[in-house]
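The values are calculated or read from the model by the stated rules, or taken from the named source; none is laboratory data. All values reported here derive from a predicted model rather than from experimental measurement. Cβ placement follows ideal geometry from the backbone for every residue including glycine, while neighbour counts extend to all protein chains displayed. Note: areas computed on protein heavy atoms with side chains; ligands, DNA, RNA excluded. Shrake-Rupley method; radii C 1.70, N 1.55, O 1.52, S 1.80 Å.
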Amino acid sequence: MIKQSDIDRVLDACNIVDVVKDYNVNLKQKGRYLFACCPFHEEKTGSFCVAPETDTYHCFGCREHGNSISFVIKQEGCSFPEAVKKLAEKYNIDIEESEPSAKEQMERKQKEAMYIANDILAKYYHELLLKNAEACKYAYGRWNEDL
């Protein structure tokens with residue numbers, strides 16, 4: 001487990017422009033932002049935007065967005081800790097890893113169980129809406145009220 005303070009130090013040291021350029025993304029300056037064709041999907045015009053001021057990126061085509069760590073995760077297909085370690089190595093930052101405590105392990109398992117339960121419920125309600133036209137009409141009406 002990587003300490004939050006180490007993650008924060010890595011993010012502070014990272015320059016999103018340099019991180020993106022390391023993956024051969026050809027960024028072009030347009031005002032205060034940099035644009036390129038998105039590295040996450042095929043496109044002909046550049047909808048991938050990098051904001052140096054906030055150290056973030058956003059693609060207006062596929063809606064991918066995030067910071068340096070999430071960019072590395074998406075490009076490399078690696079886990080969060082692996083991406084943090086990669087960036088820490090690049091920026092010569094020592095990070096300290098520790099084993100999670102029993103309480104932290106239990107909290108993580110509870111959180112994972114909640115995600116699984118939420119996914120099961122979402123699929124269940126989706127199936128109900130597909131099978132019941134009246135329920136679908138009701139849900140659609142409620143959704144339009146919120147807009």
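Okay, here's what the table says:
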{"read-out": "Only listed residue being surrounded by 14 or more Cβ atoms within 10 Å (Cβ to Cβ) and within 15 Å of the chain's Cα centre (by Cα), chosen from Ser47, Ser68, Ser79", "value": "Ser68"}
{"read-out": "Glu97 surrounded by 10 or more Cβ atoms within 10 Å (Cβ to Cβ) and at pLDDT 90 or above", "value": "no"}
{"read-out": "Checklist (1) modelled with pLDDT under 95; (2) farther than 19 Å from Lys3 by Cβ; (3) part of a helix (DSSP H, G or I) applied to Arg63, failing item", "value": "(3)"}
{"read-out": "Lys111 vs. criteria touching an Asp or Glu at 6+ places or on another chain (Cβ under 9 Å), in a helix (DSSP H, G or I) and open to solvent by 60 Å² or more (accessible area, probe 1.4 Å)", "value": "no"}
{"read-out": "Qualifying residue in region 91-104 (condition: part of a loop (DSSP other than H, G, I, E, B) and touching a Cys at 6+ places or on another chain (Cβ under 9 Å))", "value": "yes"}
{"read-out": "So Val17, is it among the aliphatic types (A, V, I, L, M), at negative phi, crowded, with 16+ Cβ neighbours inside 10 Å and part of a loop (DSSP other than H, G, I, E, B)", "value": "no"}
{"read-out": "Test: residue in region 70-90 that is closer than 23 Å to Gln4 by Cβ and not in a helix (DSSP H, G or I)", "value": "yes"}
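Results for (1) farther than 16 Å from Glu64 by Cα; (2) in a loop (DSSP other than H, G, I, E, B); (3) without any contact (Cβ under 8 Å) to a residue 60 or more places away in the chain; (4) among the basic types (Lys, Arg), shown as yes or no for each residue.
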{"residue": "Ser5", "(1), (2), (3), (4)": "yes, no, yes, no"}
{"residue": "Asp8", "(1), (2), (3), (4)": "yes, no, yes, no"}
{"residue": "Asn24", "(1), (2), (3), (4)": "yes, yes, yes, no"}
{"residue": "Leu34", "(1), (2), (3), (4)": "no, no, yes, no"}
{"residue": "Pro39", "(1), (2), (3), (4)": "no, yes, yes, no"}
